[in-house]
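Everything below concerns the one structure shown next.
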Amino acid sequence: MTREEKICSAAFSLYIKHGPQRVSMQEIADTAGVSKKTLYNRFGNREKLLDRTIEWHSRRMVGFFENLMESDVSIAEKLVKAIEFVSRELDREIEALQQELVRPNPYLKDIPVNFIHKKIRLMLEQLVEQAKDAGLCRTDYSTRMIIYIILSMIKGLTSWKAVSDVYTDSKYLFGTTMKFILDAFLTEKGKKVLPVDTFQTL
């Protein structure tokens, strides 16, 4: 990770926790382990740092899937990694941040968030199609329906994961729910090779 990526990562985590308007340059510098002078030299001001952080986050999401699609790991492992990644990106705190950032942005004018999400969804559909071709996933459901249900369930889980009186172990809840969902869509061959018990996100 480059120094700029480290700074953007630190800024992003603080934006999620406190909101971009309540995070100072000094807090970002301290979290990233750099001086405040370094932030101003690299980014100019708070607004430009926020813009670059949004760009970094957006590129990171797309880049993850592009690298995953090109990797040599099995289709089963790709599906697991994709679902775990999406579950983190659909976190309600990240969504709240994205809503707060609905404002003019140099990067998002050219590549809006909905375009980025659509691109990720298309790559997820490619993974499901590959799983169908490999005999791992049932073909009597449309690929779009499978993706819609999986994403809806993940979003539902992340929207109330903090409700401690439902389940205190959110990782167990996530893993159990994903196993339940995938059991409905996988073939017998898919159930044997897809390590659904490895889900540990949330």
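The values are calculated or read from the model by the stated rules, or taken from the named source; none is laboratory data. In this text the structure is predicted, and so the values were computed from the model without any measurement. Here Cβ is always computed from backbone atoms with ideal geometry, including for glycine, and neighbour counts include all displayed protein chains.
Assorted remarks:
- Contact annotation: residue pairs with Cβ atoms under 8 Å, 6 or more positions apart or on different chains, pairing a residue in the range 173-190 that is at negative phi and among the aliphatic types (A, V, I, L, M) with a partner that is assigned to a loop (DSSP other than H, G, I, E, B) and modelled with pLDDT of 85 or more, are 186/136; 186/138.
- Boolean, residue 11 is closer than 30 Å to residue 118 by Cα and either in a helix (DSSP H, G or I) or out of contact with any helix residue (DSSP H, G or I) (no Cβ under 9 Å at 6 or more places or on another chain) (or both): yes
- Members of the range 162-200 that are surrounded by 19 or more Cβ atoms within 10 Å (Cβ to Cβ) and modelled with pLDDT under 80: 174, 178, 194, 196, 199
Results for (1) surrounded by fewer than 19 Cβ atoms within 10 Å (Cβ to Cβ); (2) modelled with pLDDT of 85 or more; (3) charged (D, E, K, R), shown as yes or no for each residue.
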site	(1), (2), (3)
14	no, yes, no
40	yes, yes, no
48	yes, yes, yes
52	no, yes, yes
67	yes, yes, no
87	no, no, no
90	yes, no, no
93	yes, no, yes
108	no, no, no
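- Count of residues meeting criterion [modelled with pLDDT of 90 or more and over 23 Å from residue 67 (Cα atoms)] in the range 120-161: 7
- If the condition is being touching a residue at least 24 places away in the same chain (Cβ under 8 Å) and not in a helix (DSSP H, G or I), then the range 23-74 contributes 33, 34, 74.
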